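Okay, structure first, notes after.
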Amino acid sequence: MIANMRYLTGALAVFLAIALAGLVRYAAGEDTYYSPGDVSRWEHADRWGKTPVVVAAMAISAATILGLLISTFSPGARLRRLALPATALSCVTLVAAWVVLTAGH
């Protein structure tokens with residue numbers, strides 16, 4: 001059971017890393033509300049002063065991914081108990097960053 005949990009935390013870390021990379025790519029993408037090639041979503045968030053929210057959400061998610069990777073390779077099971085709450089926190093912050101990047105028109 002413990003070995004299976006180790007694989008689970010590793011898989012969650014990989015999944016969240018892919019989601020974070022997708023969010024970074026989404027932020028760099030063009031905001032379709034404006035004329036094509038005019039403004040990226042990141043620039044739009046910067047116009048509204050929401051860049052710190054997005055950066056904080058990405059930093060929290062990255063820290064969670066790092067924690068999950070550390071717990072994957074740690075010998076004890078103590079850190080693995082935090083895997084599900086950490087994953088939930090990371091998911092919430094990724095969704096919040098996506099909402100900030102998408103909303104505001």
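Conditions (1) charged (D, E, K, R); (2) touching a residue at least 40 places away in the same chain (Cβ under 8 Å); (3) farther than 23 Å from PHE15 by Cα; (4) not in a loop (DSSP other than H, G, I, E, B), marked per residue:
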residue	(1), (2), (3), (4)
ALA59	no, no, no, yes
GLY76	no, no, no, no
LEU94	no, yes, no, yes
VAL100	no, yes, no, yes
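Looking at the structure I just gave you, is LEU69 touching a helix residue (DSSP H, G or I) at 6+ places or on another chain (Cβ under 6 Å) and either hydroxyl-bearing (Ser, Thr, Tyr) or outside any loop (DSSP other than H, G, I, E, B) (or both)?
Details: touching a helix residue (DSSP H, G or I) at 6+ places or on another chain (Cβ under 6 Å): yes; either hydroxyl-bearing (Ser, Thr, Tyr) or outside any loop (DSSP other than H, G, I, E, B) (or both): yes.
Spelling it out, LEU69 is indeed touching a helix residue (DSSP H, G or I) at 6+ places or on another chain (Cβ under 6 Å) and either hydroxyl-bearing (Ser, Thr, Tyr) or outside any loop (DSSP other than H, G, I, E, B) (or both).
For segment 53-66, indicate whether the set of residues that are crowded, with 17+ Cβ neighbours inside 10 Å and either aromatic (Phe, Trp, Tyr) or touching a Gly at 6+ places or on another chain (Cβ under 7 Å) (or both) is non-empty.
Among the residues of segment 53-66, not one is crowded, with 17+ Cβ neighbours inside 10 Å and either aromatic (Phe, Trp, Tyr) or touching a Gly at 6+ places or on another chain (Cβ under 7 Å) (or both), which makes the answer no.
Being surrounded by fewer than 17 Cβ atoms within 10 Å (Cβ to Cβ), touching a helix residue (DSSP H, G or I) at 6+ places or on another chain (Cβ under 7 Å), at negative phi and of a type outside the set (S, T, N, Q) is the requirement here; does TYR34 meet it?
Details: surrounded by fewer than 17 Cβ atoms within 10 Å (Cβ to Cβ): yes; touching a helix residue (DSSP H, G or I) at 6+ places or on another chain (Cβ under 7 Å): no; at negative phi: yes; of a type outside the set (S, T, N, Q): yes.
No.
Yes or no: segment 27-35 includes at least one residue that is polar (S, T, N, Q) and in a helix (DSSP H, G or I).
Step one: list which residues in segment 27-35 are polar (S, T, N, Q), which gives 32, 35.
In the following step, the residues that additionally are in a helix (DSSP H, G or I) were identified as none.
The answer is no, given that none of the residues of segment 27-35 is polar (S, T, N, Q) and in a helix (DSSP H, G or I).
Let's see how each residue does on (1) free of Cβ contacts under 8 Å to residues at least 12 places away in the same chain; (2) in contact with a helix residue (DSSP H, G or I) (Cβ under 9 Å, 6 or more places away or on another chain); (3) closer than 16 Å to ALA88 by Cα:
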{"position": "GLY10", "(1), (2), (3)": "no, yes, yes"}
{"position": "ALA21", "(1), (2), (3)": "yes, no, no"}
{"position": "TYR26", "(1), (2), (3)": "no, yes, no"}
{"position": "ASP38", "(1), (2), (3)": "yes, no, no"}
{"position": "ARG41", "(1), (2), (3)": "no, yes, no"}
{"position": "VAL54", "(1), (2), (3)": "no, yes, no"}
{"position": "ILE65", "(1), (2), (3)": "no, yes, yes"}
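May I ask you to list the residues in segment 78-91 that are part of a loop (DSSP other than H, G, I, E, B) and either in contact with an Asp or Glu (Cβ under 8 Å, 6 or more places away or on another chain) or under 12 Å from ILE60 (Cα atoms) (or both)? Spell out how you get there, then give the answer.
Residues of segment 78-91 that are part of a loop (DSSP other than H, G, I, E, B), as a first pass: 78.
The answer is none; no residue qualifies.
Going by the structure shown, is ALA28 loosely packed, with under 13 Cβ neighbours inside 10 Å and closer than 23 Å to THR9 by Cα?
Details: loosely packed, with under 13 Cβ neighbours inside 10 Å: yes; closer than 23 Å to THR9 by Cα: no.
It is false that ALA28 is loosely packed, with under 13 Cβ neighbours inside 10 Å and closer than 23 Å to THR9 by Cα.
When you look at LEU8, is it of a type outside the set (Asp, Glu), modelled with pLDDT of 90 or more and surrounded by 14 or more Cβ atoms within 10 Å (Cβ to Cβ), yes or no? Explain how you work it out, then say what you get.
Working: of a type outside the set (Asp, Glu): yes; modelled with pLDDT of 90 or more: no; surrounded by 14 or more Cβ atoms within 10 Å (Cβ to Cβ): yes.
Taking the combined requirement at face value, the residue does not satisfy it.
The values are calculated or read from the model by the stated rules, or taken from the named source; none is laboratory data. Note that this is a predicted model, so its numbers are computed, not measured. In this analysis, Cβ positions are derived from the backbone assuming ideal geometry, glycine residues included, and neighbour counts consider all displayed protein chains.
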